[in-house]
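Step one of this worksheet: look at the structure below.
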Amino acid sequence: MALTTTVPQLISQQFDSEVVLANYQNGVYYNLDGSAAQIWLGLKANRTVEEIARALADTTGDDPASIAQAVQAFTDSMLAEGLIAEGTADARLETWAPVLSGAFVTPEFQRFDNLRELLLMDPVHDAGEEGWPLREPHDG
Amino acid sequence: MTPARKAGRCASLMTASHRIRQEIAAVFASSEVPIEAQARCGPFGLRLGFASRELADTFLPAYIQSAPETVDLDLRFITGDHHDLSGLVPEAAEKPRLLIEDGIYSVWQPAVIPVLFAIDLTAKRGIAWLPTGEAPPWIRSRPAISLIHALMHETPWCAVHGAAVGSRAGFTLLAGEGHSGKTTAALACAKAGWRYAGDDFVAVDSQSGRIEPLFCSARLRPALVETFRNFIGKTSAVSDFNGEPRHELSLADLGDRIGGGRLRATFIPRRRGAVTPAFTPARQSDAFRALLPTTAYELPGWPNEIADKVARIAGLAPVFFADTGTQPMEIPAAFAHQLDRL
């Protein structure tokens, strides 16, 4: 099954070498920087985990086997967190290369859920896009 | 089959958007509107109609009343006593709902006090229906903002969660979650003679950086009343939702000082123990994280469009964390100094 970065209810924005992901239903935010952002961007460019690991090894000159292991583990953690999903892969970008300086650092995401309780207290935002099921009219 | 039953059957075959469009038209066709007003709200001109004096007293103080050149939205505030729109309430009425279909945008917010907002974007007519006649406190300072959000769809404008104030050096957008000090900073600047565009939600053009006020309201925590006593005049009613009491203020008396201007910097207020206001450079992504959550949560629909606009707004001007210090009245001079340095 292919992996996709297009996940319902997840907003993504890239700022230079940083990626911010926001689950707008539950109020949890994530920050990806460094190798973490590059892995997410590689998936968005429709590269496989193996292709991303190889590209990161080429860029940093670090040990390919340990990078492959770290990329796979991080991909699994993003999948578990709902930051990527199994499904139809994103459109493949013809050119993609990781932008990373220095040695490979084990990827991780920062998770911000400090707004969650505050937002969940507020009933205004909860309207879901589940349609508008009309009631059956009363016969009177 | 009785005519009523036949009509009911026909109604059940209609789409929800068709039914909502019909009911909006019926509201505008059927009744006199005892209280009318005109207002500007961000880049839009509004014609407002209130079905009762009580409704006008509740909502009109938040609006910037003026005669706009064009009317972009005809908006009626009605209650269950004036119109029975219960047929529009969706099944499983305890759940909030959003409908975007065929030029109709509608939000059902049941919560503790239910409200239905709906707009026919083609006819430029909207309704705020309060079934019980009561208005939830959290919508008094920003009435029907979700309908303004719908009007902004496919325009560069975005209603963003933040405060904004401006001096001759330009406007600053104050971004951050609740309790971060946005209202304190905005009111301190307004008291010092700055232009005021809002303390909660403001309209920002994500292409040009133009800021416009949506409302002339402010929501002040009781602990700050003494600080601004001379400025706000008599103490207003306090709303209390989930243990968060707020004075719902109208700053309409500021007159021409309720206004907008060009974004010069985004400040992210925070309290980190500085005695006097201090600034630290921040990133575009920090502004994005500060602006997006409440913006996306409180404005149902088109979340990715909101995120794109907010990301652009976050990149329009330099971003700083602003530790606002312990003396609110020192904030305006510090803000002015920081803006002048840019």
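Here B:GLY87 passes the criteria (1) in contact with a strand residue (DSSP E or B) (Cβ under 7 Å, 6 or more places away or on another chain); (2) within 8 Å of another protein chain (Cβ to nearest Cβ); (3) not hydrophobic (A, V, I, L, M, F, W, C) except the one numbered (1).
Considering only the stretch B:190-199, how many residues are within 20 Å of the chain's Cα centre (by Cα) and not charged (D, E, K, R)?
Adding up the residues that qualify gives 4.
Which members of the stretch B:60-107 meet the condition of being among the aromatic types (Phe, Trp, Tyr) and not in a strand (DSSP E or B)? Selection gives B:TYR63 alone. Considering B:GLY315, B:GLY301, the condition of being at positive phi and surrounded by fewer than 22 Cβ atoms within 10 Å (Cβ to Cβ) is satisfied by B:GLY301 alone.
When we screen B:GLY126, B:GLY166 for residues that are within 26 Å of B:ALA307 (Cβ to Cβ), in a strand (DSSP E or B) and in contact with an Asp or Glu (Cβ under 8 Å, 6 or more places away or on another chain), the only hit is B:GLY126.
Return yes when A:GLY27 is within 13 Å of chain B (Cβ to nearest Cβ) and surrounded by 21 or more Cβ atoms within 10 Å (Cβ to Cβ) and no when it is not. So A:GLY27 fits the description; yes.
Quick grid of which residues meet (1) within 11 Å of another protein chain (Cβ to nearest Cβ); (2) in a strand (DSSP E or B); (3) within 14 Å of B:GLY198 (Cβ to Cβ):
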position	(1), (2), (3)
B:GLU248	no, yes, yes
B:ASP253	no, no, no
B:ILE268	no, yes, no
B:PRO281	no, yes, no
B:SER285	yes, no, no
B:ARG289	yes, no, no
B:PRO293	yes, no, no
B:TYR297	yes, no, no
B:PRO300	yes, no, no
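So which of A:VAL19, A:VAL99, A:VAL71 is in a loop (DSSP other than H, G, I, E, B) and out of contact with any Lys or Arg (no Cβ under 8 Å at 6 or more places or on another chain)? Criteria check complete, one pass: A:VAL99. A Cβ distance below 8 Å, combined with a sequence gap of six or more or placement on separate chains, defines the contacts here; from the stretch B:77-106, residues that are farther than 16 Å from B:GLY126 by Cα reach residues that are in a strand (DSSP E or B) and among the polar types (S, T, N, Q) in the pairs B:PRO96/B:GLN109; B:ARG97/B:SER106. Among the conditions (1) surrounded by fewer than 24 Cβ atoms within 10 Å (Cβ to Cβ); (2) within 14 Å of chain A (Cβ to nearest Cβ); (3) under 29 Å from B:VAL225 (Cα atoms); (4) touching a Phe, Trp or Tyr at 6+ places or on another chain (Cβ under 7 Å), the only one that B:SER167 does not satisfy is (2). Taking the numbered list (1) in contact (Cβ under 8 Å) with a residue 40 or more places away in the chain; (2) assigned to a loop (DSSP other than H, G, I, E, B); (3) not aromatic (Phe, Trp, Tyr) in turn, B:ALA188 passes all entries but (2). A search for C-beta distances below 6 Å between a residue of the stretch B:271-290 that is surrounded by fewer than 21 Cβ atoms within 10 Å (Cβ to Cβ) and any residue that is in a loop (DSSP other than H, G, I, E, B), counting only pairs 6+ apart in sequence or on different chains, returns B:ALA274/B:GLY325; B:VAL275/B:GLY325; B:VAL275/B:THR326; B:THR276/B:GLY325.
Among the residues of the stretch B:93-101, is any at pLDDT 95 or above, closer than 30 Å to B:ASP205 by Cβ and surrounded by 15 or more Cβ atoms within 10 Å (Cβ to Cβ)? The answer is no, given that none of the residues of the stretch B:93-101 is at pLDDT 95 or above, closer than 30 Å to B:ASP205 by Cβ and surrounded by 15 or more Cβ atoms within 10 Å (Cβ to Cβ).
The values are calculated or read from the model by the stated rules, or taken from the named source; none is laboratory data. Computed from a predicted model, the values in this text were never measured in an experiment. Ideal geometry is used to build each Cβ from the backbone, glycine not excepted, and the neighbour counts take in all protein chains shown.
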